[in-house]
Amino acid sequence: MTIRIAILFSGRGSNMVALADAIQNGTIPNAEIALVLSDQLTAKGVEIAQKRGLKTLVILRGGRKREEHDREIVSFLRNERVDLICLAGYMRVLSPFFVDAFKDRILNIHPSLLPLFPGLDAQRQALENGATVSGCTVHFVDNTLDGGPIIAQRTVPVMPDDTVDSLSARILEQEHILYPEAVALVLKQRFDG
Ligand code: GRF
């Protein structure tokens, strides 16, 4: 059985690329990308995904309420028979409707060692709180903000002279390793029996 994965993003798309590479080179076995989806027309990731020949959708919110937007997205995901959803820099909080529609089948990556520093600007929060270690977390998405069950984490040191940019870059490097590892783990446990 080939697991059909959807990747949702809003911007740069580097984690989307890391996942696509891992599926292509077998780090994530028995999986394919059903579609990638952005809520931003200008997202750099959209161009990259299209160049890679991935099925790419842009679904703008267009002034609609969160759930209305999510209902449109969920109907595309269902049409594509998506088994697992990976949020990769998707900057919109999902409505309970969306979370329930794919219960326990939505993952997210966050640039801190959750439960520390949920929400926006996690790297800045780490610096401002004097953390000496930070990292990234892949977790299941539930109806809390970055609060669902943790699947895997990787750590990085925080250097005394770090800026938000230098710390973010160090964490991002680990994100690109962690996300494929975590997806492979979930697929093995969930879909391999
Ligand atoms: C990453 O730092 C991720 O942890 C966070 O948003 C950022 C997305 O980066 N959720 P990219 O678009 O994958 O390059």
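The values are calculated or read from the model by the stated rules, or taken from the named source; none is laboratory data. Note that this is a predicted model, so its numbers are computed, not measured. Positions of Cβ are generated from backbone atoms using ideal geometry, with glycine treated the same way; all protein chains shown enter the neighbour counts. SASA here: full protein model, heavy atoms, side chains in, ligands and nucleic acids out. Shrake-Rupley method; radii C 1.70, N 1.55, O 1.52, S 1.80 Å.
Quick notes
- Environment charge of P29, counting only residues whose C-beta is closer than 15 Å and scoring Lys/Arg +1, Asp/Glu -1: -2
- Rolling a 1.4 Å probe over the protein heavy atoms of region 1-128, with every protein chain left in place, gives an accessible area that is 50 percent carbon and sulfur.
- Computed from Cα atoms, the angle from the helix 66-79 axis to the main principal axis of the chain rounds to 60 degrees.
- Counting lysine pairs in the chain that sit 8 or more residues apart in sequence, or on different chains, and whose Cα atoms lie under 28 Å apart gives 7.
- Net charge of the neighbourhood of G119, taken over other residues with C-beta under 14 Å away and scored Lys/Arg +1, Asp/Glu -1, is -1.
- Positive-end residue, the chain charge dipole about Cα centroid, Cβ charges, pick of L172, A88, A49: A49
- Positive-end ranking of G135, A18, T155 along the dipole of the chain, with charges on Cβ about the Cα centre, is headed by A18.
- Computed magnitude of the charge dipole of the chain (debye, nearest 20; Cβ of K, R +1, Cβ of D, E -1): 580 debye
- Per residue value of the accessible surface for the chain (all protein chains in place, 1.4 Å probe), Å²: 50 Å²
- Fraction of the pair-distance distribution of the chain above 19 Å, Cα-Cα pairs, percent: 58 percent
- Largest accessible area first, the residues M159, M16, M1 order themselves as M1, M159, M16 under a 1.4 Å probe with ligands, DNA and RNA left out.
- With Cα atoms, 0 to 90° folded angle of helix 14-24 axis to the chain main axis: 60 degrees
- Amide H contacts of R12 (H built 1.01 Å from N, in plane; Pro and chain starts excluded): K44, G45 sit under 5 Å, all sequence-distant by 5 or more or on other chains.
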